[in-house]
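Enquirer: Below: one structure in structure tokens.
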Amino acid sequence: MTNIPNLLLIDENHAHAEDFREALRNSKEGPFHCEWVQTLSHSVERLRRKTIWAIFACLSLPDSLGLDTIGRLLGAALDLPILVMGGAENEDLSAEALRHCPRAKPKAQGDR
């Protein structure tokens, strides 16, 4: 039996979660399993209970904003890869997160 990577999506927006799941279904790199939570507190709880392969996180959550979200995720996720998701309205915040995250590696344009 093959282990399917378990991805954790942290985003309060239902439409974003559906788009994320659709992208995973269409990925040629899959299959993937996606778990979706809407708050940072639920993500920390999930990280304690389940094996997660990677985290995809919005920085604006109902119970955490900005750099606090990254700091708390880093504390809970130890060495898991964390991808910060954000739109153009969050570009400054995403850049600030990159400057404060010791593990961060910005994705160059054209990288896949």
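No lab work stands behind these numbers, since they all come straight from the coordinates. From a predicted model like this one, the values you see are computed outputs, not experimental measurements. When we count neighbours, we look across all protein chains shown, and the Cβ atoms used for this are built from the backbone with ideal geometry, even at glycine.
Enquirer: State the extension gain, in nm to one decimal, for the chain segment bounded by Leu80 and Leu65, taking 0.36 nm per residue of separation less the distance between their alpha-carbons.
Expert: On the way: separation 15, 0.36 × 15 = 5.40 nm, distance 2.01 nm.
Going from the current span to full extension adds 3.4 nm.
Enquirer: For segment 1-100, which chymotrypsin sites (Phe, Trp or Tyr not before Pro) pass both filters: DSSP loop (anything but H, G, I, E, B) and at most 14 other C-beta atoms within 10 Å?
Expert: Working: sites: Phe20, Phe32, Trp36, Trp53, Phe56; in loops: Phe32, Trp53.
Qualifying residues, ordered by number: Trp53.
Enquirer: For segment 21-94, what class follows from the C-alpha gyration tensor (a ≥ b ≥ c being the square roots of its eigenvalues): rounded when a/c is under 1.5, otherwise prolate if a/b is larger than b/c, else oblate? Intermediate results must be reported in sequence, preceding the final value.
Expert: Working: a/c = 1.88, a/b = 1.20, b/c = 1.56.
Oblate, since a/c reaches 1.5 and b/c is not below a/b.
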